[in-house]
Amino acid sequence: LEATVYGEKNAITGQMVCVKVTPKEGVDPSTLPGSIRKYCSSRLARFKVPVKIQLIEGAQHSERFKRDRVRVASS
């Protein structure tokens, strides 16, 4: 239903691509991360393929339909 892509710090590469996904009803959550990686690998450059895939329930937007942003604390 929804996806939010963001970057997280990585000690080796600097940053890595991460995604939070809200799956549709009836989608098997155990096979979804593999399907997402396979789909992205066939269409995107290797460094753009999500490394971390997080499945969440519920909406990823506010009641005004603004995207909930992911804030990564900087050190």
remark   = SASA check, Glu2, accessible area w/ 1.4 Å probe, all protein chains in place, rounded to nearest 10 Å², comes out at 40
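Regarding segment 1-40, what whole-number volume in Å³ per residue does the convex hull of its Cα atoms give? Could you put the intermediate results ahead of the total?
Working: hull volume 3.2 nm³, N = 40.
Considering the Cα atoms of segment 1-40, their hull volume per residue is 80 Å³.
The values are calculated or read from the model by the stated rules, or taken from the named source; none is laboratory data. Keep in mind that what you see is a predicted model, and the values were worked out from it rather than measured. Only protein heavy atoms, including side chains, enter the accessible area calculation; ligands, DNA and RNA are left aside. Shrake-Rupley method; radii C 1.70, N 1.55, O 1.52, S 1.80 Å.
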